[in-house]
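The values are calculated or read from the model by the stated rules, or taken from the named source; none is laboratory data. On a predicted model such as this, the values are computed, not experimentally measured, just so you know. FYI the Cβ positions are ideal-geometry reconstructions off the backbone, even for glycines, and counts take in every protein chain you see.
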Amino acid sequence: MNIDWELLRSSFWPIVQGGLTGTIPLSLASFAIGLVLALLLALMRISGNRILAGAARAYISVIRGTPLLVQLFVIFYGLPSIGVVLEPWPSAIIAFSMNVGGYAAEVIRAAILSVPKGQWEAGHTIGMARTTTLRRIVLPQAARVSVPPLSNTFISLVKDTSLASLILVTEAFRVAQEIAAFSQEFLLLYMEAAVVYWVFCLVLSAGQTRLEKRLDRYVAH
C-alpha cells in the first residue's frame with residue numbers, strides 16, 4: 001500500500017477543524033442539555049411519585065432500548081411527515097441530548113443514592129430544607145461519584161457525533177468523507193479521521209482525571 005503523505009498532510013487540518021467547529025461544539029451542547037434532562041429524570045425516579053417515576057422509567061427504557069441512529073433518523077427524516085421540519089444541527093442536538101439524558105439519568109440516580117443517609121440527616125439537623133440539602137450537600141458528593149461514568153458518556157458522545165454526518169452536519173467525519181470522495185482514498189482518510197477522534201478522546205480523558213482530583217474535596221470520609 002502506497003501512502004499518499006501529501007494528502008494526509010493537507011487533509012489533517014481540515015478534519016481537525018471540522019472536529020473543533022463541529023464535533024466538539026455539538027458534543028458540548030448536547031451533553032449540557034442532556035445532563036439537565038438526566039438530572040430531572042433522576043429526581044423523578046427518586047421522588048416517590050409513582051406517575052413521575054413511571055414516566056421517567058418509560059423514557060429511559062425507550063432511549064436505552066433503541067439505537068441512537070434510529071432516534072436521529074426519526075427526528076430528522078421522520079418528523080417532517082407530520083409537519084415538523086428541523087435543520088440538521090437542531091435535529092442532531094435534540095437526538096444526542098435525549099440519548100444522553102436517558103443514559104446519564106441512571107448514573108446520576110445511582111450517584112445520589114450512594115450518598116450516605118447520614119448526609120441527609122446532617123442537613124436536616126442544621127435546619128436545611130430537603131431541596132437545600134440536596135443542592136448543597138448531596139449533589140456535590142454525588143457529582144464526584146458520577147464523574148467517571150459521565151465522562152465516559154461524554155467521550156462516547158464525541159465519537160457518536162460522527163453519525164450526524166448522515167444528516168449532513170459538518171463535523172470531523174463529514175469532512176473526511178468529502179475529501180475521501182474527491183480523492184478516492186477512503187481507507188487513508190477514514191483512518192486519519194479515526195486518529196483525530198482518538199486524540200480528542202485522549203485529551204478528554206486527561207481532563208476527566210483532573211476533574212476527579214478537584215472534586216475529591218467533596219467526598220465524605
Failed criterion for Leu86 (all others in (1) exposed (fewer than 12 other Cβ atoms within 10 Å of the Cβ); (2) outside any helix (DSSP H, G or I); (3) of a type outside the set (Lys, Arg) hold): (1)
Failed condition for Arg64, given (1) surrounded by fewer than 19 Cβ atoms within 10 Å (Cβ to Cβ); (2) farther than 30 Å from Arg135 by Cβ: (2)
Filtered residues of the range 189-211 (kept if surrounded by 16 or more Cβ atoms within 10 Å (Cβ to Cβ) and hydroxyl-bearing (Ser, Thr, Tyr)): Tyr197
Residue match in the range 161-181 (condition: over 25 Å from Tyr77 (Cβ atoms), hydroxyl-bearing (Ser, Thr, Tyr) and either part of a helix (DSSP H, G or I) or at pLDDT 95 or above (or both)): no
Test: residue in the range 116-126 that is under 19 Å from Ala42 (Cβ atoms), modelled with pLDDT of 75 or more, surrounded by fewer than 21 Cβ atoms within 10 Å (Cβ to Cβ) and not small (Gly, Ala, Ser): yes
